[in-house]
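Peer 1: What follows is a single structure, and I will ask about it in a moment.
The values are calculated or read from the model by the stated rules, or taken from the named source; none is laboratory data. What you see is a predicted model, and the numbers here were worked out from it, not measured in a lab. Every residue, glycine as well, gets a Cβ built from its backbone with ideal geometry; the counts of neighbours run over all protein chains shown.
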Amino acid sequence: MYAILSGGVLLALCDKPRYVKVNEASGAYVEADEAEALGVSVNGDLYNINGGDTIPDAPQAVITQGDVSEYVFRNRVRIAENEENTNTAVVEIEEALCELDAASAENVTAVEDALCELDEMISSISGGEN
């Protein structure tokens, strides 16, 4: 099994990479053997390989051969870490919202108390009830 990576991101897992070269007659990129390849095609996107820059504006890709179970294990670990981080973020957001809600309730109570005090002051000044 081959893994094709670019910029540390797994692009593909495949049995055989689609190596490409330039067709001399047409100038188009065509499938090639690994020995004559200038790049690799992944889902129709071209990538330079072996530190080359023959394919203009194409990023670099690294092709490694390994056991598929290793890649699956690594991705399961990443998924578990992402789920944990997501759950932690959701809890932190919920806690922050609860704190905001409590602060809002305190503010409403303070405003109501101030209005009552103001009403009492106005009543005592005017000598009657409002």
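Peer 1: Whether any residue in the stretch 61-70 is without any contact (Cβ under 8 Å) to a residue 24 or more places away in the chain and either touching a Gly at 6+ places or on another chain (Cβ under 7 Å) or of a type in the set (A, V, I, L, M) (or both) is what I want to check. Even if it seems obvious, please write down each step before you answer.
Peer 2: Keep residues of the stretch 61-70 that are without any contact (Cβ under 8 Å) to a residue 24 or more places away in the chain, which gives 69-70.
Adding the requirement that they be either touching a Gly at 6+ places or on another chain (Cβ under 7 Å) or of a type in the set (A, V, I, L, M) (or both) leaves none.
No, that holds for no residue.
Peer 1: Across the stretch 15-40, what is the number of residues that are among the aliphatic types (A, V, I, L, M) and touching a Ser or Thr at 6+ places or on another chain (Cβ under 9 Å)?
Peer 2: Start the filter on the stretch 15-40 by keeping residues that are among the aliphatic types (A, V, I, L, M), which leaves 20, 22, 25, 28, 30, 32, 35, 37-38, 40.
Now narrow it down to the ones that are touching a Ser or Thr at 6+ places or on another chain (Cβ under 9 Å): 20, 22, 38.
Summing the residues that are among the aliphatic types (A, V, I, L, M) and touching a Ser or Thr at 6+ places or on another chain (Cβ under 9 Å) in the stretch 15-40 gives 3.
Peer 1: Answer yes or no: is there a residue in the stretch 92-107 that is β-branched (Val, Ile, Thr) and under 25 Å from the mean Cα position of the chain (by Cα).
Peer 2: If we filter the stretch 92-107 for residues that are β-branched (Val, Ile, Thr), which is where we start, we get 93.
If we keep only those that are under 25 Å from the mean Cα position of the chain (by Cα) too, we end up with 93.
For the stretch 92-107, residues β-branched (Val, Ile, Thr) and under 25 Å from the mean Cα position of the chain (by Cα): present.
Peer 1: Continuing with the same structure: Which ones in the stretch 59-107 are of a type in the set (A, V, I, L, M) and assigned to a loop (DSSP other than H, G, I, E, B)?
Peer 2: Quick first cut of the stretch 59-107, residues of a type in the set (A, V, I, L, M) only: 61-63, 68, 72, 77, 79-80, 89-91, 93, 96-97, 100, 102-103, 105.
Matches in the stretch 59-107: Ala61 only.
Peer 1: Is the stretch 37-44 home to any residue that is assigned by TED's automatic domain parsing to the domain that holds Ser6 and loosely packed, with under 11 Cβ neighbours inside 10 Å?
Peer 2: As a first pass, look at the stretch 37-44 and keep what is assigned by TED's automatic domain parsing to the domain that holds Ser6: 37-44.
If we keep only those that are loosely packed, with under 11 Cβ neighbours inside 10 Å too, we end up with 43-44.
Checked the stretch 37-44: at least one residue is assigned by TED's automatic domain parsing to the domain that holds Ser6 and loosely packed, with under 11 Cβ neighbours inside 10 Å.
Peer 1: Tell me, which strands (runs of 3 or more DSSP E) lie completely within the stretch 1-58 with 3 or more residues that are in contact with an Asp or Glu (Cβ under 6 Å, 6 or more places away or on another chain), basic (Lys, Arg) and at pLDDT below 95?
Peer 2: On the way: elements: 2-6, 9-14, 18-22, 29-31, 39-42, 45-48.
No strands (runs of 3 or more DSSP E) qualify here.
Peer 1: Can you find even one residue in the stretch 76-90 that is out of contact with any Pro (no Cβ under 6 Å at 6 or more places or on another chain) and in contact (Cβ under 8 Å) with a residue 24 or more places away in the chain?
Peer 2: Looking for residues that are out of contact with any Pro (no Cβ under 6 Å at 6 or more places or on another chain) and in contact (Cβ under 8 Å) with a residue 24 or more places away in the chain, one finds none in the stretch 76-90, hence no.
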